[in-house]
1. In degrees between 0 and 90, to the nearest 10, how far off the longest principal axis of the chain does helix 45-58 point, with axes built from Cα atoms?
2. What list of ³J(HN,Hα) couplings, whole Hz, do you get for the range 69-86 from phi and the Karplus terms 6.51, -1.76, 1.60, once you set θ to phi - 60° and write x for glycine and proline?
3. Within a Cβ distance under 15 Å of Pro85, other residues only, what is the Lys/Arg minus Asp/Glu net charge?
4. Apply the Karplus curve 6.51 cos²θ - 1.76 cosθ + 1.60, θ = phi - 60°, to the phi angles in the range 3-18 and return the couplings in whole Hz, x for Gly and Pro.
5. Quick one: which of 14-25, 37-48 comes out on top by average Cβ neighbours within 10 Å, and what's the full order, highest first?
6. Run the dipole for the range 11-74 about the Cα centre, Lys and Arg Cβ at +1, Asp and Glu Cβ at -1, nothing else charged, and hand back the magnitude in debye, nearest 20.
7. Reachable aspartates and glutamates from Lys30, Cα under 20 Å, same-chain residues fewer than 8 places away excluded?
8. Between Asp79 and Ser26, what length comes free when the chain is fully extended (0.36 nm per residue of separation minus the Cα-Cα distance, one decimal in nm)?
Amino acid sequence: MATATAPIKVDAATDELVSHAAHFMSRSKKDIVDAAVREYIDAHREEINAGVKNALGMLNGTDVAAVSMMTGLSADELDELGGLPT
């Protein structure tokens, strides 16, 4: 699998923490962030999976369901705003 690099933005305080950790652990900032994100996701995997299941449960294959989930508007509220093209 090819790896791609994508920039991320963090506030100055977080960048400083990452920089210090990288320096004192003799690792790159990229390695520190990669390990931290992977550990965070592993620690919260059940919560993430529950969110995915909840989102999938809200979708029924219609455009209305997808737009409702993305906007937070109910199907009735979408209809009041003019609905979606069929």
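Rule-based calculations on the coordinates, nothing more; no lab input. All figures in this text were calculated on a predicted structure; none of them were measured in a lab. Using ideal geometry, Cβ is built from the backbone for each residue, glycine included, and neighbour counts are taken over all protein chains shown.
1. 20 degrees
2. 5, 6, 9, x, 8, 6, 4, 5, 5, 5, 4, 4, 8, x, x, 10, x, 9
3. -2
4. With the stated coefficients, the range 3-18 comes to 9, 10, 9, 10, x, 10, 10, 10, 6, 4, 5, 5, 4, 5, 4, 5 Hz.
5. Details: 14-25: 12.7, 37-48: 10.2.
Highest mean packing first, the order is 14-25, 37-48.
6. Value, rounded to 20: 160 debye.
7. Result set, ordered by chain and number: Asp11, Asp15, Glu16, Glu39, Asp42.
8. Gain on stretching Asp79 to Ser26: 13.3 nm.
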